[in-house]
1. So what is the accessible area of the chain per residue, in Å², with the probe set to 1.4 Å?
2. Under the Kirkwood approximation applied to all pairs of distinct alpha-carbon atoms, what is the hydrodynamic radius of the chain in Å?
3. Quick one: ranking 93, 61 by accessible area, 1.4 Å probe, largest first, what do you get?
4. May I ask for the equivalent-ellipsoid semi-axes of segment 106-167, computed as the square root of five times each C-alpha gyration tensor eigenvalue and listed largest first in whole Å?
5. Is there a quick way to get the dipole size of the chain? I mean about its Cα centre, with the Cβ of Lys and Arg at +1 and of Asp and Glu at -1; what is the value in debye to the nearest 20?
6. Which residues among segment 169-191 fall inside the zone where the amide N is under 15 Å from a point 7 Å beyond the Cα of residue 8, along Cα→Cβ?
7. For segment 3-145, what is the convex hull volume of its Cα atoms per residue in Å³?
8. Per 0.36 nm of contour for each residue apart, how much would the distance between residue 29 and residue 181 grow if the chain were fully extended, relative to their Cα-Cα spacing?
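The values are calculated or read from the model by the stated rules, or taken from the named source; none is laboratory data. All figures in this text were calculated on a predicted structure; none of them were measured in a lab. Don't worry about glycine lacking a Cβ; one is built from the backbone with ideal geometry, like all the others, and counts go over all protein chains shown. Just so you know, the surface numbers come from the protein's heavy atoms only, side chains and all, with ligands and any DNA or RNA stripped out. Shrake-Rupley method; radii C 1.70, N 1.55, O 1.52, S 1.80 Å.
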Amino acid sequence: MKYRKLGDSDLNVSEISLGSWLTYGVGVDRDRAVTCVNRAFELGINFIDTANAYGRGAAESFLGEVLAGRPRASYLLATKLFFPMSATDKGLSRKQVLKQIDASLQRLRLDYIDLYQCHRYDTATPIEETMQALSDVVKQGKARYIGFSEWSPRQIEDSFAVPNTTRFVSSQPQYSLLWRQPEQKIIPLCADKGISQIVWSPLAQGVLSGKYLPGTKPPTTSRATSESMGQFIQSWMQPGVLKAVQNLKPLAKEAGCTLSQFSLAWVLREQNVASAIVGASRPEQLDENVVASGVVVDPDLFRRAEEIVANVQRGR
């Protein structure tokens, strides 16, 4: 496993990180989930990403239980706030920031969080209020660094315009061969601001593994057929997308890796990306995915891959 510095922080995160969206505490049975977390450590993954909204606290509670016996210095933990935790608890107001950080720490059984992220932008709260609250959380020692997910360039600029507050060090966008929007403005802006990308859905919910075939029913054990985990993958399950993904397989073979490894290596080719988050319901998936860290692929193969998927992105 290789590691990269996270923005203007002193955190060195594994190039492949372990996510918990739709999986731990929710979609994957506990025993398998524990096996996956343990395997992640064995493979050199030191960065785990979660959020208070994942299972309304279930993912954090699971991780708090599983990580309790491990030395705190052996891993970096990121969580988030914004989405509703109740009918009244949501957003990025000062009250919510201070309330939700304490609730997350309690579920995670931690004294501090390495990276505390705004899961989305809160248009109902002044940015000055949010940034001051986040800064106070850092000053109190409850979070070491702060980040955001899916903010616009203007929102990022506005956060940096608030004086005397802690600066963001990370951005968490959706980014993959099938979803390249961050390249236009987010990545250049963040690179200039000392912010790294922590990519979610780098395999497009598993579609870029190549296991979903056009005109064929998805495997019964896959995310696409799961009631608890399959709702977000459906936008990728279009015949044109699936056919294009199959056309990527010869390129991955030429590169000497699986399509999942090829797709993750494509994401990691971008220097502003610090880590690619993968979700795993089986430890074997982690065994395969971590190989992408440090893989050297001919840039021409990546260019050809980009051409194949250029006109079949989601929504087209």
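1. About 42 Å² of surface per residue is accessible.
2. Evaluated over the chain, this radius sits at 19.8 Å.
3. Descending accessible area places them as 61, 93.
4. Values: eigenvalues 89, 34, 19 Å².
They are 21, 13, 10 Å, listed from largest to smallest.
5. Dipole of the chain, to the nearest 20 debye: 420 debye.
6. Those under the cut-off are 169-171, 189-191.
7. Working: hull volume 15.3 nm³, N = 143.
Output value, Cα hull per residue: 107 Å³.
8. Gain on stretching residue 29 to residue 181: 51.3 nm.
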